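Student: Just dropping this structure here.
The values are calculated or read from the model by the stated rules, or taken from the named source; none is laboratory data. Quantities reported herein were computed from a predicted structural model and do not represent experimental measurements. Backbone-built Cβ (ideal geometry, glycine too); neighbour counts: all protein chains shown. Side chains included, ligands, DNA and RNA excluded: accessible areas come from the protein's heavy atoms. Shrake-Rupley method; radii C 1.70, N 1.55, O 1.52, S 1.80 Å.
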Amino acid sequence: MRRHPLRNAMRRSVAAFALIAVAACATYDPGNPLQGRWTLTAPVMGTGFALGSYEFRRDSMEVLGVETGVDYAVAGDRVTVIPETFGPTLEVRMIDADTAELRDPLTGTPLTLRRLRDRGLFR
């Protein structure tokens, strides 16, 4: 029995879409407003000095290319990021959906997180 090439291609497409959907669900938590990619800036003479990028995922965060397992506690506009192993606990205050503030755990200096948006494929 010969299978139709278009039908096989459709089956592969559906299987690929299902796999992508499962992978996306594994990293997205609708109750955590901090999830996503952010840039961290520090105030320097009235302007912002970029300190690198952060990416917060369902159960980990990546800072300057280093991934660490974390747990989150969300209460109102506050998100506490708790490392599973070594590292400081971060207290983040959400200002709006694309802006958050945290204090440097060592100096107490206020730092700003700004959400990075994907530019899309055709922009």
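Student: Take the stretch 23-47 and flag every residue that is modelled with pLDDT of 70 or more, of a type in the set (S, T, N, Q) and within 25 Å of residue 71 (Cβ to Cβ).
Tutor: Residues satisfying the conditions are 32, 35, 39.
Student: Still on this structure: Return the residues of the stretch 90-106 that are exposed (fewer than 12 other Cβ atoms within 10 Å of the Cβ) and charged (D, E, K, R); say none if nothing qualifies.
Tutor: 96 - this is the single residue of the stretch 90-106 that is exposed (fewer than 12 other Cβ atoms within 10 Å of the Cβ) and charged (D, E, K, R).
Student: If you check residue 20 against the conditions, is it open to solvent by 50 Å² or more (accessible area, probe 1.4 Å), out of contact with any Leu (no Cβ under 8 Å at 6 or more places or on another chain) and at pLDDT 95 or above?
Tutor: Spelling it out, it is not the case that residue 20 is open to solvent by 50 Å² or more (accessible area, probe 1.4 Å), out of contact with any Leu (no Cβ under 8 Å at 6 or more places or on another chain) and at pLDDT 95 or above.
Student: Within the stretch 35-44, track down each residue that is part of a strand (DSSP E or B) and surrounded by 12 or more Cβ atoms within 10 Å (Cβ to Cβ).
Tutor: Hits for the stretch 35-44 are 36, 37, 38, 39, 40, 41, 42, 43.
Student: Right, next: On the given criteria, is residue 58 closer than 21 Å to residue 41 by Cβ and basic (Lys, Arg)? Break it down into steps so the answer makes sense when it comes.
Tutor: Details: closer than 21 Å to residue 41 by Cβ: no; basic (Lys, Arg): yes.
For residue 58, the condition - closer than 21 Å to residue 41 by Cβ and basic (Lys, Arg) - is not met.
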